[in-house]
Amino acid sequence: MSEFSSAEFNFGADPEAAKIVLEEMNTRIILVPWENAYLNGAQHEQLVDFESHLKIDTPLAGFLALATNVGHGIMAKHGRQYVYCDEIAVAVAIDEKTIATKTMDLRLGVELSGEMT
């Protein structure tokens, strides 16, 4: 997938699977757009401790701290902010009403062969 693709990352990586999930699963699907993860790093990091969940003394927090440390290091090396996309998606899945400030009910589809564009 090209870095210039407009596809959501997972949809672009496996569009056939995304099409099946969206069109054949008979359940409500919550999609958290990638753009929600882009924050004004310096400003937001002063307001929110994005790593507080990594400081809890549990095996899971230790694992997550180690796993995200790699991403933090790579992004910092290139002068970019770490993206909290997975953390935001999990928080919404746990407590949508508290976390989501705006929601929309939409119909979604995945184009596989250039029929719509």
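Odds and ends about this structure:
- Partners for LYS102 among aspartates and glutamates (Cα-Cα distance below 15 Å; same-chain residues under 8 apart left out): GLU35
- Helix 15-24 axis versus longest C-alpha principal axis of the chain: approximately 70°, rounded to the nearest ten.
- Across the stretch 33-99, the convex hull enclosing all Cα atoms gives 103 Å³ per residue.
- Between 0 and 90 degrees, the angle of helix 85-94 with respect to the longest Cα principal axis of the chain falls at about 80 degrees.
- Quarter the surface of the alpha carbon convex hull of the chain and you get the mean projected area, 9.7 square nanometres.
- Nearest-ten-degree value, helix 59-77 long axis tilted from longest Cα axis of the chain: 80 degrees
Where a number appears in this text, it was derived from the coordinates with a stated rule and is not lab data. The structure presented is a predicted model; accordingly, all values stated were derived computationally and were not measured.
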